[in-house]
Amino acid sequence: MNITAADVNKLRTMTGAGMMDCKKALTEAEGDFELAVELLRKKGQKVAASRGDRDATEGVVLAKASADNTGGYIIVLNCETDFVAKNEGFVSFATAILDAAIANNANSPEAVKALTYPGTSLTIEERITEEIGKIGEKIDLSQAAQINAGFVYCYNHPGNKLASIVGFNKEISNDVAKDVAMQTAAMAPVALDESSVPEELKLKEIEIGKELAINEGKPAEMAEKIAMGRLNKWFKETTLVNQEFIKDSKLSVGQYVKSVDKDLAISGFLRFGL
């Protein structure tokens, strides 16, 4: 059967696959477009399987708020190379996945992968498999999360390698919210405040503090007290509300927020980076 250039171009438009791949698929399918699409999908699945052991450490991190600014969503879509990660088509693909997560209130990689990819009858997981076949790199939706609050602000660091979301108990100006979201992105807090630090992390820090004190020659009976002092210092460095505010070192982030509005409070945050 004669496969024309118009046929190949039509299949390329339908699938986004390469010209030679489309021609081979149409030839094998004897001009049946539906079968050709299925063959290309199978090629994608084959590529996905063969690249399963590859490292997908590049990619994009994107965050976006719901229309009413009460929900914030963040995803990490990984690939193998920075070249692909910076491609406009790859970023658009990730953005479409993020939009689907927002529209369906999905807050885990498994939940997002099960959604229908916008404008198709395929699941997002199936579209990722197709994209693997098209690009020839391992692609993985490694992270997807959501935060709800009275008001959320999303910050995407230039280059799409890092993003953060901060939730507040009430609506505030974007300038103030951005300050806190950028602080979160830059300073990588481990928790919101002391009470939200996991207990095992506290115990680990106490043990480290005690060991350091003993190694420095301090009496064993004083090591516990010294360790607790170091733990409090660690809280100030690693919990968001206690961190030194990067725009004014005289204030903690919590104090900065209260200086704007005494009733304002940070309710939570998310931060993901490659």
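Please treat every number below as a calculation from the coordinates, not as lab data. Quantities reported herein were computed from a predicted structural model and do not represent experimental measurements. Because the Cβ atoms are built from the backbone with ideal geometry, glycine has one as well, and the counts that use them run over all protein chains shown.
So what is the relative contact order for the range 1-106, in percent, with contacts set as C-alpha pairs under 8 Å and at least six apart? Intermediate results must be reported in sequence, preceding the final value.
Values: 103 pairs, mean separation 18.3, N = 106.
Reported as a whole number, the value is 17 percent.
Let me have the relative contact order for the range 157-240, percent, based on Cα pairs under 8 Å that are six or more residues apart. Display every interim value, and only then the final one.
Numbers: 64 pairs, mean separation 27.0, N = 84.
About 32 percent, as a whole number.
Amide H of F272: which non-local residues (sequence gap of 5 or more, or other chain) have their own amide H closer than 5 Å, using H built in the peptide plane?
A163
Once you have a ≥ b ≥ c as the square roots of the Cα gyration tensor eigenvalues for the range 60-129, tell me rounded if a/c is under 1.5, and otherwise prolate or oblate according to whether a/b is larger than b/c. Provide the component values of the computation, followed by the final result.
Working: a/c = 1.88, a/b = 1.26, b/c = 1.49.
Oblate.
In straight Cα distance, which lysines are under 20 Å from K218, not counting same-chain residues fewer than 8 positions off?
Cα-Cα hits under 20 Å: K204, K210, K233.
Could you tell me which of rounded, prolate or oblate describes the chain, using a ≥ b ≥ c as the square roots of the eigenvalues of the alpha-carbon gyration tensor, with rounded for a/c under 1.5 and, failing that, prolate when a/b is larger than b/c and oblate otherwise?
prolate
Please sort 128-137, 259-268, 88-97 by packing, taking for each peptide the average over its residues of neighbouring beta carbons within 10 angstrom, highest first.
Values: 128-137: 21.2, 259-268: 14.7, 88-97: 16.9.
Going by the mean number of other Cβ atoms within 10 Å, highest first, we get 128-137, 88-97, 259-268.
Working out 0.36 nm times the residue gap between E88 and E199, then minus their Cα-Cα distance, what length gain in nm do you get to one decimal?
Numbers: separation 111, 0.36 × 111 = 39.96 nm, distance 4.27 nm.
35.7 nm is the gain from fully extending E88 to E199.
Compute the length gained on full extension between A6 and M20: take 0.36 nm times their separation in residues and subtract their Cα-Cα distance, giving the result in nm to one decimal. All intermediate terms of the calculation are to be shown ahead of the outcome.
Working: separation 14, 0.36 × 14 = 5.04 nm, distance 1.32 nm.
Stretched fully, the A6-M20 segment lengthens by 3.7 nm.
List I246, I75, I226 from most exposed to least, where exposure is judged by having the fewest other Cβ atoms within 10 Å.
On the way: I246 13, I75 27, I226 17.
With the sparsest Cβ surroundings first, the list reads I246, I226, I75.
Using only helices, what value at 222 nm comes out for the chain when you add -39,500 (n - 2.57) per DSSP H run of length 4 or more and divide by the total residues, to the nearest 500 deg cm²/dmol? Present the calculation step by step, with values, prior to reporting the outcome.
Values: 11 runs with 135 residues, N = 274.
Computed ellipticity for the chain at 222 nm equals -15500 deg cm²/dmol.
What lysines could a cross-link reach from K86, if we take a straight Cα to Cα line under 18 Å and drop same-chain neighbours fewer than 8 places away?
The reachable lysines, counting only those whose Cα sits under 18 Å from K86, are K134, K138, K161.
I need E221, E211, E58 ordered by Cβ neighbour count within 10 Å, fewest first. Spell out each step's value before the answer.
On the way: E221 7, E211 12, E58 18.
Lowest count first: E221, E211, E58.
Remind me, relative contact order of the chain in percent, using alpha carbon pairs under 8 angstrom and six or more residues apart?
18
Nearest 20 debye, what's the magnitude of the dipole of the chain about its Cα centre given +1 on Lys and Arg Cβ and -1 on Asp and Glu Cβ? Please list the in-between numbers first.
Numbers: 32 positive and 40 negative charges, 74 e Å.
The dipole magnitude comes to about 360 debye.
State whether the range 5-50 is rounded, prolate or oblate according to the following rule on the C-alpha gyration tensor (a ≥ b ≥ c being the square roots of its eigenvalues): a/c under 1.5 gives rounded; otherwise a/b larger than b/c gives prolate, and the remaining case gives oblate.
Details: a/c = 2.11, a/b = 1.61, b/c = 1.31.
In terms of gyration-tensor shape, prolate.
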